[in-house]
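The values are calculated or read from the model by the stated rules, or taken from the named source; none is laboratory data. Note that the structure is predicted; figures quoted are calculated from it, not measured. FYI the Cβ positions are ideal-geometry reconstructions off the backbone, even for glycines, and counts take in every protein chain you see. Areas reflect the complete protein model, heavy atoms only, side chains present, ligands, DNA and RNA absent. Shrake-Rupley method; radii C 1.70, N 1.55, O 1.52, S 1.80 Å.
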Amino acid sequence: MSEYSVVGKSVPRVDALDKVTGAAQYGADVHRPGMLYGKIVRSKHPHAYIRGIDTSEAEKLPGVRAIVTQADVKTGRSVFATDKVLYVGEPIAAVAATDPDIAEEAAELVKIDYEELPVVQDVLEAIKPSTPRLHNDDTKDGPARRVIKARLKKLSDDESQDHSAEIEELTAKFESLEDEVYYNISAETHTEAGDVEKGFAESDIVVEDTYVVPRVHQTYMEPHVSIAEADSSGKVTVWASTQGPFAIRSGVAGTLGIPLTQINVIPTTMGGGFGGRFGVALTHVPAVLLSQKTGRPVRVQMTREEEFVDGRPAPGCVIKLKTGATNDGRILARQALAFWDSGSVSGASIGSTIRVRGVYKIPNLKVDAYGVYTNKSGTTAYRAPGTPQVAYAGESQLDEIARKIGMDGVEFRLKNMREEGDQIPAGAKEPKVGYKETLKAVADAAGWWNREKGPNQGWGVAIGDWTNGCGPGGIYISVHEDGSVRIFHGSIDITGTDTAIAQIVAEVLTVPYEQVTITRGDTDSAPYATGSGGSVVTFTMGNTAKLAAEDTCQRILALAAERLNTSADNLELKDGKVSVLVQDPPRSISLGELAAYSLSTTGGPIVGKGSFARKPSTPALAAQIAKVEVDPETGNVRVLKMVSSQDVGFAINPMAVEGQIEGGTVQGYAWAMMEEMQYDEKGNVNPGFVDYRVPTSADLPTVQSVIVEVPAPNGPFGAKGVGEPPITPTLATMANAVVDAIGVRITELPIKPEKVIDALKQNGK
Amino acid sequence: MRNFEFFEPTTVEEASSLLAQYNGKARLLAGGTDLIIGMKARTEMPEYVISLENIPGLDGITYDEGSGLRVGAMTKMRALETDAIIRDRYTALAEGAAEVGSIQIRHLATLGGNIGHASPAADAAAALLVLDAQVQIGSADGQRTVPIDALFTGPGTTVLEPGEIITAFEFPPRPANSGSQYLKQKIREVMDLAFVGVASAVTLNDGAVENTRIGLAAVAPTPIRATEAEGIINRYHPVTKEILEQAAEAASAQSRPISDLRCSAEYRRQIVGVLTRRTVQTAINRAQS
Ligand SMILES: Cc1cc2nc3c(=O)[nH]c(=O)nc-3n(C[C@H](O)[C@H](O)[C@H](O)COP(=O)(O)OP(=O)(O)OC[C@H]3O[C@@H](n4cnc5c(N)ncnc54)[C@H](O)[C@@H]3O)c2cc1C
């Protein structure tokens, strides 16, 4: 039995009624008087010079009020393409008109004169010398050239001896490694611990493979939308469906040179984000530009097709991975070379390549990662950015090794998992973690230890790790005369975080959950709040809420001491009232009475505040087991069982936590089995839900969630970030289950039926 | 969406006259689940849209032991999949209808629209082929009947003349000792378009399989019959595993699939074989029970 009365309980979400009745106002529900409709003019070519932009025909169309291009961006910051386009869908101009159909027609009337250029979509092609360049950038060295270069530098810096012979030899070798001269590189990261060469040499078994993970879209239900209203004084109001209103405020201000105080961002209810809804470029900046030019409110709303061609999806990745282990199941070395498909701009997730180390004691580790330019839109975060991709490679390869050495997949992982105090490869020492507990919990819940399977059936296990982020936030609390409590803040609720905040405040103030309400302010009226991404909100805003509630408590106790004529340390706040601890006769006063009393005191109303920035987070593990059945004639894979465990530190709202576990698991399943943005030399060829498949509830049985609680020292009530971890293992979970069913590994996702058939054929089955 | 003029005629003749008058610039609107999507995507930009909604008599299912089944063009997929007679005697049609989109879509989508749209992947088309549907076509000039085999001319095109409208589908009676099935290869369990669709129908005569029909969707420019395979099943008695395999191979060989972003032609051909074998077997089993 929990010592708490509100936290740890599955109370209904504060927004449940609004959501189910349709009362919640999303971005697309915002209408302003006299509003115009904006439409972006987009590139029709994946790679081309722009030789001319002619807006004259479009301007003549009745109902068109304004057309903006880069020339309208006074700061010179890049908003629209000017002389070159790098992907289909890249914005070149934007139109505002009196109705959406006119805007759409006008956008088509803007004539762009293109000179087409060769196109590159494949990362392994893009790094080759024969490939078109997207940007005028230098080449970069591959891993072997980097090693030689470092050695050469060392030798030439060492003047104590003559190294000329070795230098000459190494220089020749360096120059001969031509295919390690990489082109179109947007970014690189390199990490090393121990000596992988030595580790592989000592290994009994070394497995090497290339894993390919496709680019996928976050496919939030609500496409990007923004309504901007610039008034004659220059004040700009933006209604935005976003994960981070304060980031939108600073982003719009910076891009367009508007003083921060002249912008108010009003966040609407948000129809999903998953990391993809932070940027200002897609709709906010064009809407503001159009509103400034017309003096009217302007809505810019993307269609689903626009989301696919010009959203910021998760990058695809090609990972060459090598792992060495002993026959008794100790991992000795791992080396990764990853190429991330950044698209047209330097992109997301490359920094996560290091997570290919997993939560294992790998003494020798080397990770080289490159971001690669291709003729696609840029990328951004998607639920645990980068980790599903590398965990797929890492956990698939561990599965291969376990099979080869004849060790149980769960035992093998348990044997290598880190515990408190263990060295994290290329990192610090591990704090108290719940890795083993989480994996054991899923194995027990799934019936792993005595699992059975029929023909063409298989079981797969995999894990993924993630550590929640942290960021600044502030909260105010006000206690009213009826004893109710109101929370004021500015963070965006995606996953049920408002509910968690309300639970925390109710717990600390000992009032019923139903008496706590929340007001979300806009950027003019709310204290700063970090964006809702990186699983930060419950950790950050939960801590903030706790501080604010504790501050409120102080004020309550001081007031009560005054009112009850005793000292504050002789008082206790319990069940919504303050009571005297030791004194006759027993006296108490309710929060409502105190709040009423506060209005006639010199101190004034009961208000508390909390402000928080950061404290170290604790890593969390997600572990999954799937049972599948494959139809060997069609290649279809059906999930028979899916069990997903996660160390959440402390589940402030178990129902909401289960929702996150289920959602993340299903998204991971989708990435493994069906989701894939497909490209050819004409750009994205499946920009819609007909051929970009997201699963429905008919595709999976109920995900069985298993909550593990190893408290985080700095989390509110021990909570860890919950939103991201559950997507991290699933790509590998599914791949490993399919191998167990058909005996063949598919190393290129998604595992579509045709690939299963091809794999079976190649293996003579 | 482009602006358009909207008509709601109350007779087939009136609708037909409008359609003929604005030939090439007008489209019929049934449930709109193909047309409106196309108009939003600007792949369809009609200047005139003629709704069939207010024409009495186009919607409905009637069955008569003597004359068989009549399904009005405006009949919804949801009505087809839930109708007891269709489920029992014209099972492949109920199953084809049930494969269309989601329940919400099937409350809008009509059989006339599915066939009028003439997609090679239309889920009801293979069932109509194997259940010997006769397409009733009306116009201001009168009525004519075209067998379903002769309706489609290519992706999105039919033999309909300017001003012609599908009014109903008629199916011969099916004896109790007949059976049929439609199977669809897809990735997503629901709301997926057919990678391959196969319908089979058989009648048993003294244990011998007769009147075999095999219809294939999404593996040729139009929905087609796998006539070679049908002949193999009809020719041999009993229908053994080997015969089924031969028929499957014949159906594969007769299909003319393309490779596209969904899958390769080779894969489609293989699936034609698998689903032919499975649907013929099920159709026989159903005829026996
Ligand atoms: C989300 C979604 C999922 C879908 N999934 C599937 C699926 O799984 N399988 C599938 O087969 N289809 C699917 N469809 C397509 C569509 O629902 C079906 O083809 C449906 O049967 C079309 O019927 P409708 O009444 O909506 O036709 P409409 O869109 O109204 O019309 C379609 C076409 O047929 C013409 N037409 C309509 N009625 C007649 C008539 N009486 N005579 C002559 N021409 C006529 C129209 O002019 C138009 O060109 C899906 C559509 C959506 C939106």
Exposure rank, largest accessible area first [A:MET655, A:MET35; 1.4 Å]: A:MET655, A:MET35
Check: segment A:470-612 dipole with +1 on Lys, Arg Cβ and -1 on Asp, Glu Cβ, in debye: 140
Surface share of carbon and sulfur [accessible, 1.4 angstrom probe, percent] for the protein assembly as shown: 49
Loop GluC sites (Glu not before Pro), segment A:368-458, which have at most 14 other Cβ atoms in a 10 Å radius of their Cβ (DSSP): A:GLU419, A:GLU420, A:GLU452
Virtual spin-label span in nm between A:THR566 and A:GLN161, 7 Å along Cα→Cβ: 8.1
Hypothetical label at A:GLU593: residues of segment A:529-567 whose amide nitrogen lies under 12 Å (7 Å Cα-Cβ projection): A:560, A:563-565
Eligible aspartates and glutamates near B:LYS241 by straight Cα distance, threshold 14 Å, same-chain separation 8 or greater: B:GLU249
Where GluC sites (Glu not before Pro) in DSSP loops with at most 13 other Cβ within 10 Å are excluded, longest remaining stretch of chain B: B:66-289
Dipole magnitude of segment A:182-334 about its Cα centre (Cβ charges: Lys, Arg +1; Asp, Glu -1), debye to nearest 20: 800
Residues of type aspartates and glutamates that A:LYS627 reaches as a straight line, Cα spacing below 17 Å, ignoring anything fewer than 8 places off in the same chain: A:GLU395, A:ASP399, A:ASP408, A:ASP444, A:GLU452, A:GLU662, A:ASP699, A:ASP740
Cβ crowding within 10 Å averaged over residues, with A:140-152, A:89-101, A:157-169 ranked highest first: A:89-101, A:140-152, A:157-169
FRET efficiency for B:GLU14 and A:LYS682, using Cβ-Cβ distance with R0 set to 45 Å, rounded to 0.05: 0.55
Chain-alone versus full-assembly comparison, segment A:741-765, residues with accessible loss of at least 20 Å² (1.4 Å probe): A:LYS752, A:PRO753, A:GLU754, A:ILE757, A:LYS761
Separation between Cα centres of segment B:250-275 and segment B:53-120, rounded to whole Å: 27
Net charge of neighbours whose Cβ lies under 13 Å from the Cβ of A:VAL643, counting Lys and Arg as +1 and Asp and Glu as -1: +1
Cut-off 13 Å between beta-carbons: net charge of the residues surrounding A:LEU571, Lys and Arg +1, Asp and Glu -1: +2
Solvent-accessible area per residue for segment B:1-55 (1.4 angstrom probe, square angstrom): 54
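Based solely on its DSSP helices, what 222 nm [θ] is calculated for chain A when runs of n ≥ 4 H residues each add -39,500 (n - 2.57) and the sum is averaged over all residues, nearest 500 deg cm²/dmol?
Per the formula, -9000 deg cm²/dmol.
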For B:ALA168, residues with placed amide H under 5 Å, excluding near neighbours: B:ALA73, B:GLN136
Computed E for B:ALA41/B:SER289 - FRET, C-beta separation, R0 35 angstrom, nearest 0.05: 0.20
Spin-label zone in segment B:232-259 - amide nitrogen under 11 Å from a point set 7 Å from the Cα of A:ASP631 along the C-beta vector: none
Occluded residues from segment A:94-121, i.e. those whose accessible area drops by 10 Å² or more once the chain is not alone (1.4 Å probe): A:ASP101, A:GLU104, A:GLU105, A:GLU108
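List the accessible area buried at the contact between B and A, summed over both sides and calculated with a 1.4 Å probe, in Å² to the nearest 100.
2300
Set the Förster radius R0 to 30 Å, insert the Cβ-Cβ distance between B:ILE258 and B:THR227 as r into 1/(1 + (r/R0)^6), and round the FRET efficiency to 0.05.
0.90
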Nitroxide proxy distance, nm - points 7 Å out along Cα→Cβ at B:GLN281 and A:GLU514: 5.9
Fully extended contour minus Cα-Cα distance, from A:ALA28 to A:ARG151, at 0.36 nm per residue: 38.5 nm
Length released on extending from A:ARG133 to A:GLU178, taking residue separation times 0.36 nm less the Cα-Cα span: 14.5 nm
Computed log₁₀ I(q)/I(0) - Debye formula, equal Cα scatterers, no solvent, chain B, q 0.13 Å⁻¹: -0.85
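Please compute, for peptide B:267-273, the average count of beta-carbon atoms on other protein chains lying within 10 Å of each residue's beta-carbon.
Details: counts 8, 1, 0, 6, 6, 0, 1.
So the per-residue partner count for this stretch is 3.
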Within chain B, longest stretch clear of exposed trypsin sites (Lys or Arg not before Pro) (DSSP loop, no more than 16 other Cβ within 10 Å): B:43-289
Unit Cα scatterers, Debye sum, the protein assembly as shown: log10 I(q)/I(0) for q = 0.06, 0.09 Å⁻¹: -0.56, -1.18
Separation of the B:LYS25 and B:TYR48 label points, Cα + 7 Å toward Cβ, nm: 0.8
Potential extension, A:VAL607-A:ARG77 segment - 0.36 nm per residue separation minus Cα distance: 186.5 nm
Mean Cβ count within 10 Å, highest first, over the residues of peptides A:585-592, A:638-645, A:491-498: A:491-498, A:638-645, A:585-592
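May I ask for the Rg/Rh ratio of segment B:152-289, computed from Cα atoms with Rh as the Kirkwood radius, given to two decimals?
Ratio of gyration radius to Kirkwood radius: 1.00.
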Qualifying lysines (Cα of each under 27 Å from Cα of A:LYS128; at least 8 residues distant if same chain): A:LYS44, A:LYS84, A:LYS140, A:LYS149, A:LYS153, A:LYS173, A:LYS320, A:LYS322, A:LYS366, A:LYS376, A:LYS682
